[in-house]
Structure formats: C-alpha cells, structure tokens
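Input: a single structure, listed below in structure tokens.
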Amino acid sequence: MKDLLSLYDLTKDDITRIIKRASILKAKHKKGEQYYPLKDKTLGMIFEKPSTRTRVSFETGMFQLGGQAIFLRWADTQLGRGESTHDTAKVLSRYIDAIMIRTFSQATAEDLASFADIPVINGLTDHCHPCQILADILTVYERRGSFDGLKAVYIGDGNNIAVSWINVALRLGFDLTLACPDGHGPDVNVLSRAQKEASSKIVLITDPVEAVKGADVISTDTWVSMGQEGERQQRLDAFKGYQVNEELIASSKKNVMIMHCLPAHRGEEISDGVIDGENSVVFDQAENRLHAQKAVLELLIGRS
Ligand code: CP
Ligand code: NVA
C-alpha cells in the first residue's frame with residue numbers, strides 16, 4: 001500500500017490491520033508512552049478547503065509520533081497560481097516523506113499520488129473521505145469488537161461520507177442501507193460496483209424510517225457540503241424529512257450508535273437531542289481521527 005486515496009483500494013486485511021494498530025497506538029498514548037517511529041519525518045498537508053479535525057489530528061499525530069507537519073494552504077502555494085500537480089509532486093517528494101491533500105476533485109489527489117515518489121493521503125475530496133471512515137469503524141470496533149452481523153445505516157446526502165461508508169461495507173462485509181432522497185443518492189458507479197462485488201447487502205432506499213429498523217449504527221452528514229453553499233436553500237428543501245431526530249431513531253435498536261463526521265449543522269440533518277444524547281458517539285469518532293491516522297502514517301512512512 002503506497003497511498004490512501006479511497007477505501008476501495010484497500011483490502012479487508014489492510015483495513016483490519018489499521019484498526020487494530022490504531023487501538024494499540026491509542027492505548028500507548030493514553031498511558032503516556034513515548035513512541036517516535038516517525039522521528040525526522042515530515043508530512044506536507046495541502047488544504048484547498050477548510051478544516052478543523054483533519055488539520056489538527058494530522059498535525060498532532062505527526063508530532064506524537066516524533067515527526068512534524070507543514071500546513072500548506074493551496075492558495076498560498078504555487079498550486080494556487082497554476083503550477084502543475086506533476087511539478088508540485090516531484091518537488092515535494094525531494095523534501096518531505098508524505099503528502100496529505102484535501103481538495104475538490106478526486107482526480108487531483110490521484111494525479112498527485114501518481115506523480116509523487118512519496119505516499120499521498122486523501123484528507124477529503126468531493127468523492128470520498130477515507131480517513132474519516134477509518135475513524136468511524138474504529139469507533140464501531142471499540143464498542144462491538146467485530147463487524148459480524150453489523151447493520152449500518154446512512155441517512156441523508158449521498159456525498160463523500162456515504163461513498164466511503166459504501167466502500168468500507170464492501171471491504172469488511174457488513175450490511176449497509178442508505179436512505180437518500182431521489183436525485184441525491186451516492187455515485188451510481190460506486191454503488192453498483194459495491195452491490196456487484198459485496199458479500200453483504202448494500203442497498204439504497206428513500207425511506208429513512210424503513211432504513212433505521214434494526215440498525216446498530218446510524219450515520220449522517222451535512223446536507224450542504226463544502227463547495228455547495230450556493231445551493232443551500234434548494235438542498236434544505238430536498239432533504240426535509242431526513243433529519244436524524246428522536247422520532248426517527250426510536251425505530252432502531254435501543255443501543256444504536258449515532259454517528260456524524262462533524263461539523264454538524266444542528267437542527268438540519270441532526271437534532272440537538274440526538275447529537276447530544278446518550279447514543280451519540282460523535283466526539284469519540286472525532287478523537288479516533290487522531291489514532292486511526294497515526295496508524296496510517298506509521299504504516300505508510302514508519303519503516304522506510
Ligand atoms: N470531519 C472532518 O473532516 O472535519 P474537518 O472538516 O474539520 O477536517
Ligand atoms: N460532506 C462534508 C464532510 C465534511 C467533513 C463536506 O464535504 O463538506
């Protein structure tokens with residue numbers, strides 16, 4: 001594994017290995033153990049979109065592993081003035097040990113990875129958000145110890161988070177039901193590929209009440225992703241009836257885990273009562289970004 005661009009590119013073993021290693025690194029960190037496998041290593045972090053969790057967890061993760069990170073705002077680099085991803089990748093490969101990129105187009109991240117001589121990690125594109133979903137499944141693993149018999153549900157916009165849930169359900173072999181309004185389902189190619197290749201049930205429906213029946217996990221995300229601000233009102237109208245609230249989760253299991261990658265738009269895709277309620281694991285998910293990404297960083301650049 002050279003890069004982390006999409007969870008589709010990983011095997012079940014890769015994902016399981018990352019999750020188990022993340023649990024070990026988390027335990028080491030909680031004990032205050034010093035562990036510096038990335039001493040003298042540098043991660044460059046290119047951001048074309050805003051971030052709180054991704055930036056802070058990657059930067060802190062590098063620091064905790066004995067390395068360092070450089071924050072590179074796209075617009076402040078020569079990329080923002082038109083320097084090619086090819087030349088940028090070649091130059092950065094001469095200085096640093098890995099690149100994390102948050103950008104709009106998945107093709108930009110893939111191009112960068114194909115030209116770079118160092119690992120490239122996708123820190124979110126319009127297409128998918130693999131690092132987030134690694135943290136999410138670490139959160140599920142901590143509570144259940146396995147993915148056997150898991151029924152996960154995703155409610156709302158078929159966006160980058162939905163795509164990464166589909167890819168992880170395919171790879172780990174658990175059931176996933178997505179409930180999205182007509183016209184707002186996930187990438188049809190990703191969904192049909194997963195349905196063709198999966199050993200489990202991956203289904204898209206429109207009824208959120210039907211979807212959450214018997215759910216172990218209910219995940220949702222904003223209806224207005226970064227870059228879609230101009231469509232805000234149309235999108236709020238389209239997603240009416242898809243809010244994850246007390247009434248909706250009453251049809252799921254009593255101990256259902258409520259997940260959200262954050263940032264949340266409280267009162268839109270999720271109610272205050274649910275995100276702050278006893279079933280919510282949203283801040284554990286956010287914390288687990290740090291631990292899951294440390295496992296990814298150690299795997300990609302720890303042994304060279
Ligand atoms: N969940 C997530 O990626 O958050 P940020 O946009 O704050 O990085
Ligand atoms: N779907 C959201 C995820 C934010 C972490 C977005 O792309 O803005």
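Numbers for the structure displayed
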read-out	value
Isotropic mean projected area of the C-alpha convex hull, region 62-103 (nm²)	3.3
Candidates 277, 123, 214, ranked by Gaussian network fluctuation over the chain, Cα under 10 Å, top entry	277
Region 88-235, accessible area per residue, ligands and nucleic acids excluded (1.4 Å, Å²)	36
Efficiency of FRET from Cβ geometry, residue 209 and residue 13, R₀ 51 Å, rounded to 0.05	0.90
Whole-percent carbon and sulfur share, accessible surface of the chain, 1.4 Å	49
Candidate aspartates and glutamates - alpha carbon under 19 Å from residue 196, same-chain residues fewer than 8 apart omitted	9, 175, 187
Estimated translational D of region 25-124 in µm²/s (Stokes, Kirkwood radius over Cα pairs; 25 °C; 0.890 mPa s)	175
Relative contact order %, region 164-208, counting alpha carbon pairs below 8 Å whose residues are six or more apart	53
Extension reserve of the residue 56-residue 27 stretch, reckoned as 0.36 nm per residue once the Cα distance is removed	8.5 nm
Ratio Rg/Rh [Cα only; Rh per Kirkwood] for region 261-304	1.22
Label point distance in nm, residue 87-residue 39, each placed 7 Å from Cα along Cα→Cβ	3.8
With Cα atoms, 0 to 90° folded angle of helix 282-301 axis to the chain main axis	40
Approximate spin-label separation residue 200-residue 226, in nm, with each point projected 7 Å along Cα-to-Cβ	2.8
Residues listed by number, region 209-230, amide nitrogen under 15 Å from residue 262 label point at 7 Å toward C-beta	220-222
Computed label-point distance, nm, for sites residue 272 and residue 143 using a 7 Å Cα→Cβ extension	2.3
Residue among 110, 48, 229 with the largest mean-square fluctuation in a Gaussian network model of the chain, springs linking Cα atoms under 10 Å	229
GNM flexibility winner over the chain from 84, 280, 23 (Cα, springs under 10 Å)	84
Folded to 0 to 90 degrees: helix 53-64 orientation relative to the chain principal axis, Cα	50
Spread of Cα-to-Cα distances over 10 Å intervals beginning at zero, given as percent, for region 61-181	12, 35, 29, 20, 5, 0
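The values are calculated or read from the model by the stated rules, or taken from the named source; none is laboratory data. Just so we're clear, the structure is a prediction, and the values are computed from it rather than from any experiment. Cβ coordinates were reconstructed from backbone atoms using ideal geometry, including for glycine residues, and neighbour counts include every protein chain displayed. Ligands, DNA and RNA are stripped out before the accessible areas are found, and what is left, the full protein with its side chains, is counted by its heavy atoms. Shrake-Rupley method; radii C 1.70, N 1.55, O 1.52, S 1.80 Å.
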